[in-house]
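Worksheet: the structure to be examined is printed underneath.
The values are calculated or read from the model by the stated rules, or taken from the named source; none is laboratory data. In this text, all values refer to a predicted model and were calculated from it rather than measured experimentally. Positions of Cβ are generated from backbone atoms using ideal geometry, with glycine treated the same way; all protein chains shown enter the neighbour counts. Each accessible area value is taken on the protein alone, full model and side chains, heavy atoms only, with ligands, DNA and RNA left out. Shrake-Rupley method; radii C 1.70, N 1.55, O 1.52, S 1.80 Å.
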Amino acid sequence: MRPKTCVVTGSSNGIGRGIAERFGEEGCNVVVNYRSSKEAAEEAVETVEASGGSAIAVQADVTDIEQVEQMREAAHEAFGQVDVLVNNAGINQDVLFKEMSHEEWDVVLDVHLDGAFHCTQVFYDDLVDAEQGRLINISSIVGKGGNFGQANYATAKAGIFGFTRTLALELAREGTTANCVAPGFISTRMVEELPEKVKERIRNDTPLGRLGTVKEVAEVVAFLASDRSSFITGEIIDINGGKDL
Ligand code: NAP
């Protein structure tokens, strides 16, 4: 059987990298997308290849549709049609709403929402043409519950819920599914940069008593990307150690 070809946006670091490497373990062809971390993206490519997959690193800023189109060309040239798109690229610029500039608002919405819009538009036909196309979006627990200092981020992540459910409806007749995962606090640089007392509070508020790991998110995404999830669409899967119980 032909290996699946998977594009993971923002897979030079953190959760995206964990997803790319997990796809490598499944023998997939992986497009490791990055914006600025070339070296880290090349390391991810090596890890994917060492575990039996194939990979290329492609620089593209998801906020720029022309760069995303070039990424599709690179993906097609290396592997042919794309089967799985994971919209993972993300940033945060945390500041209390009263102090938030319009630029801080825009930059976060641009990466998460315009980024998802551009990538899904550009790879839409691939996902439709794939035998079991999969669109997987990375949202967040913050999209459900909000979070101090994250009005921009929470708004973007809540937007991803509506985006996922609508795409699930529009893609369903094509046999393509669209789902999203909503991780709680996962140990990546986005969270490691928080003050220790904030991390301590997160651990105390989490029934499982710890931060999540990249592997724990990647495992769920690998399931959603596989043929085993064929009757699941439009879902939001929480991966948060019981934090919103
Ligand atoms: P991270 O370690 O900071 O990694 C972010 C990734 O996104 C990097 O590979 C970065 O690439 C890429 N990226 C950022 N802006 C980009 C752009 N404009 N175009 C292309 N790539 C871009 O963050 P993370 O914690 O793994 O977060 C990954 C996703 O999970 C985000 O959507 C985040 O909102 C979500 N999430 C994270 C947590 C958490 O607790 N960590 C929880 C819930 C949801 P470069 O390094 O090359 O710039």
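Counting only helices (runs of 4 or more DSSP H) that sit wholly inside region 109-173, those with at least 1 residues that are free of Cβ contacts under 8 Å to residues at least 40 places away in the same chain, closer than 20 Å to Lys4 by Cβ and not charged (D, E, K, R) are 115-129.
Set side by side, the residues Glu77, Glu49, Glu73 differ, and just one is touching a strand residue (DSSP E or B) at 6+ places or on another chain (Cβ under 8 Å), without any contact (Cβ under 8 Å) to a residue 40 or more places away in the chain and open to solvent by 30 Å² or more (accessible area, probe 1.4 Å), which is Glu49. Being touching a residue at least 40 places away in the same chain (Cβ under 8 Å), charged (D, E, K, R) and open to solvent by 10 Å² or more (accessible area, probe 1.4 Å) is a description that applies to Glu26. Taken together, the residues in region 71-125 that are charged (D, E, K, R) and within 16 Å of the ligand (Cβ to nearest atom) amount to 7.
Looking only at region 217-231, count how many residues are surrounded by fewer than 17 Cβ atoms within 10 Å (Cβ to Cβ), without any contact (Cβ under 8 Å) to a residue 40 or more places away in the chain and either within 16 Å of the ligand (Cβ to nearest atom) or of a type in the set (S, T, N, Q) (or both).
Qualifying residue count for the region: 0.
The residue list Thr120, Thr164 contains one member that is in contact with a helix residue (DSSP H, G or I) (Cβ under 8 Å, 6 or more places away or on another chain) and open to solvent by less than 50 Å² (accessible area, probe 1.4 Å), which is Thr120.
Filtering region 202-216 to residues that are in contact (Cβ under 8 Å) with a residue 12 or more places away in the chain and not in a strand (DSSP E or B) leaves Ile202, Asp205, Thr206, Pro207, Leu208, Gly209, Arg210, Leu211, Thr213, Val214, Lys215, Glu216.
Here Gln67 passes the criteria (1) part of a helix (DSSP H, G or I); (2) within 13 Å of the ligand (Cβ to nearest atom); (3) open to solvent by 30 Å² or more (accessible area, probe 1.4 Å); (4) within 25 Å of Glu193 (Cα to Cα) except the one numbered (4).
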